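Undergrad: Next up is a structure, given as structure tokens.
Any read-out appearing in this document is the output of simple, stated calculations on the displayed coordinates, not a laboratory observation. In this text the structure is predicted, and so the values were computed from the model without any measurement. Positions of Cβ are generated from backbone atoms using ideal geometry, with glycine treated the same way; all protein chains shown enter the neighbour counts.
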Amino acid sequence: MRVEIDNIPGKERKSIEIKAGSRVKDALEKLGINPVAVIVAVNGSVSIQEKTLKNRDRIKIIPVVSGG
């Protein structure tokens, strides 16, 4: 199954192959992205990292920035 990833830190867009039944956190792990450091939207809606992905889903990765 293939999903599209937008806004990968250091890259713009990437398509990756993952196993059927994979979750958002599995895709982040495959990309080497710390799940605590990002917010993820799937097909335009903010999503939990336990969400099961479907073929052709579009994932947007939004880095969490903090400061004071």
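Undergrad: Provide the FRET efficiency to the nearest 0.05 for the Lys19-Val64 pair, computing r from the beta carbons and using R0 = 25 Å.
TA: Calculated value: 0.40.
Undergrad: Turning to a different aspect of this structure: 7 Å from Cα along Cα→Cβ at both Thr52 and Ile39: what's the point-to-point distance in nm?
TA: 2.7
Undergrad: With the Cα gyration tensor of segment 2-63 giving a ≥ b ≥ c as the square roots of its eigenvalues, does the rule (a/c under 1.5 for rounded; else a/b larger than b/c for prolate; else oblate) give rounded, prolate or oblate?
TA: Here segment 2-63 falls in the rounded category.
Undergrad: Here is a further query. Looking at the chain only, what percent of DSSP beta bridges run antiparallel? Nearest 5 please.
TA: Numbers: 14 of 17 bridges.
Expressed as a percentage, antiparallel bridges in the chain total about 80.
Undergrad: Give me the distance between the Cα centres of segment 9-33 and segment 34-58, rounded to whole Å.
TA: 9
Undergrad: Let me ask something else about it. Relative contact order, percent, of segment 2-63 when contacts are C-alpha pairs under 8 Å separated by at least 6 residues?
TA: The value is 43 percent.
Undergrad: If each DSSP helix of 4+ residues adds -39,500 (n - 2.57) and the sum is divided by the residues in the chain, what number results at 222 nm, nearest 500 deg cm²/dmol?
TA: Per the formula, -3000 deg cm²/dmol.
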